[in-house]
1. Using the Kirkwood formula on the Cα atoms of the protein assembly as shown, what hydrodynamic radius do you get, in angstrom to one decimal?
2. For residue B:138, which aspartates and glutamates qualify as cross-link partners when the Cα separation must be under 13 Å and same-chain residues fewer than eight apart are set aside?
3. Can you give the convex hull volume of the alpha carbon atoms of segment A:359-452 per residue, in Å³?
4. Quick one: give the max-minus-min coordinate of the C-alpha atoms of segment B:83-162 along each principal axis, largest first, in Å.
5. Note down the Stokes-Einstein diffusion coefficient of segment B:28-169 in µm²/s, whole number, using a Kirkwood radius over alpha carbon pairs, 37 °C, and 0.692 mPa s.
6. Over segment B:28-169, what is the relative contact order in percent, taking alpha-carbon pairs closer than 8 angstrom and at least six residues apart?
7. Mind listing which GluC sites (Glu not before Pro) in segment A:295-401 are in a DSSP loop and have 16 or fewer other Cβ atoms within 10 Å?
8. If you filter segment A:346-388 for chymotrypsin sites (Phe, Trp or Tyr not before Pro), then keep DSSP loop positions with at most 12 other Cβ within 10 Å, what is left?
Amino acid sequence: MNRRNSVLNSKFQTSNFKQISNSKIRNRKEIVSAAVLLLTFASFTLLKAQGIRISGANRAEYWVFVDENLDTLNYKEHFEDKLKLSFQYGDILLHGVFFLWEPSLPNTDRLKYFDYTAQYKKDPVNVLYGTYYTTFGRGLVLNAFLDEDFRNDNSLYGLKADIRYFNSQLTLLSGKPRNIFFEENTYFVKNDTTDQLRGVNIETKLIPRTKLAGRYVRVNRTEDMTPKAFTELFGGNIGVNIGPIESYFEYAQRLGTYPVIGGRLKGEALYFTTGLAIPGLGISFQFLDYDTIGLGGAGYRYNEPPTPIKSGISVNRGINEIGYGISLFYSPIDMATIEVENNKVTTHDTTLNYFGQIFEINDDMDGVLEQTIKIQTYPSYDLEIVGAVDRLVKQGIEAGIEKKTETKPNVEVTYNLGPFFIETGYEHNLISSDTSDYYEHAISFSLGKPERFVLSLRYERRNRIPGWLVSKYGEELSWPLAELSLDLTTRHNLRIRVGAEKGGLVCSGGVCRFEEPFKGVKMVLTSIF
Amino acid sequence: MKKIAFLLIVCIAFIFAEEIEGQYPNAPDFTLEDIDGNTVCLDLLLTDGPVFMSFWALWCTMCIKELDALKPYFDEFDSLGVNLLAISQDKARAVPKVKPFALSHKWRYIVVLDPDNIMRDLYHVQAMPTAFIIDQNKKIVFTHQGYKPGDEEIIVETMRALFAKGAEDEPQE
């Protein structure tokens, strides 16, 4: 027994020693990291003196939040930092992005990367090597973009060259795509493939008021089981601008092979917009018809065909979509503006004629219909009143819900009291889904001082738990939230958010993700230097 | 580690900000297209006078409020030679709505399109809206993140102060 105790003690001491020793190593790493950071900043100060222009920005975020599914600790942490630095010397620009994300759970891999771009820019040439973003036309053929607010990084790594000559621009590029996407509180690298993109785009304005463009992109794969595999996209556009009327038409075609089985795959896309813009009145019309144009994998695209849906929802990101969007912006008098929108995207339904497919939505289609009317008035210089009604119909979009209709009237009043301003708002969201009818309403109040702070309070409530609700959406019925935004200086802002957030499906630019409900504290510090 | 890192970043940000306070950074060059298809170049704009620019997007309510709030001051600054730019950060899919929206709000700013967010990267914009004032020496003399009702007064005062200083610096005849 004594011997067993002694072995246990010895084991305990050994593990204790290991813990102490690990903690020492950790402390040492922290000191080294701190020293490296301080030295970096010191070197920047020295470089500034050498005539090299240095600029940058930093965004640091720290969250502590409750997770009731955990067995031991019932909270999680999230830390991320993105430091951007640019060095410019004459026509040469070096740009670097250091990113670090550390989740609290040891079994989740942290994400750390360093992106850089070296660029030489002197008219008429612009050449860069490194990580870059670019869109050909409106994105039917290629759309590599960064949506920082939505944490969707869709980049290319490689070489890009632009040459401007006589009202024309030629772009040549080669790059490896990468998509870093934040979903369910975790960063994922979505398209870790061996794909390599090569593309060319030529735009010209040789004809007055007319812009013509043509483009080609080829995807090369080193690992593909498909016999004689290839994928290429090509297309072109024409844009005409005559006085207040502007029109744009883009066509794209995709040619390739079906994955694994082989055989010819063909896709097509049409995109047309026209608009009228005169002082006080603006009208915009969009039309789209996409058939197998979306190129990428399950959760990513190399092209991202545009959706007219303002809330950012698409049906299947360019695989089978048809729809339109109409927006009207009108200011009849200086103190009022009216906005009306009616946008629709659905899958094709060949039982209907072509116009029926564009303008109708029936039970056999998956799709989104979005309607908005918004009136903004300024009865006096210090007072602003905004009233709106938003209606959103989603059919086959959310997992487990056949059809969901949301009708949300909302009102917001802002009053400027001189040194302070106050803002109050109320929204009432009537939701009707397959099995449940329920409502959510929210009241908000903000008090702020220009150039100093804004304190916002929001209380949101749902009248009952809907039938479709799955456990990951949580079973809360109310979400109180407080946020303080402090302007530390004109270049530094600190935001502290405490409380609960509802979560759910959020979308931007046709890309959607599930956002987990949140209960905890978020701190965000942004700096420009 | 997370808490230490966060605190360290807060401290470094302040130290670094302190270091550059009073030393205005140079404004990066840019050449973009406005909503009428004209080429807009920083160097050319600066020949008229200082440049004010605000980053905005159709989805950004506060950005639109800021640009609406600055409308009454347009004539004052336009007559002084200031070029006022509204730089749209809307992606390619929203570009068709930018011109109708801007004109319906009767904005007379030079509305510039930046669908690839090149300007956002060049000027390290972290929040929307962010406003900059660039003087004729091509220095960023004012940076302002976010918008709260009343912030436009600070922007206007900064511009007026810039002109008052410019007038004082001019040699007396």
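What follows is calculated from the coordinates using simple rules that are stated; it is not laboratory data. Computed from a predicted model, the values in this text were never measured in an experiment. FYI the Cβ positions are ideal-geometry reconstructions off the backbone, even for glycines, and counts take in every protein chain you see.
1. It is 27.5 Å.
2. Answer for residue B:138, where 13 Å is the Cα cut-off: B:29, B:43, B:48, listed by chain and number.
3. Hull volume normalised by residue count: 130 Å³.
4. In descending order, the Cα extents are 38, 28, 24 Å.
5. The estimated diffusion coefficient comes to 217 µm²/s.
6. Answer for segment B:28-169 is 28 percent.
7. A:360
8. In loop regions of segment A:346-388 (DSSP not H, G, I, E or B), the sparsely surrounded chymotrypsin sites (Phe, Trp or Tyr not before Pro) are A:381.
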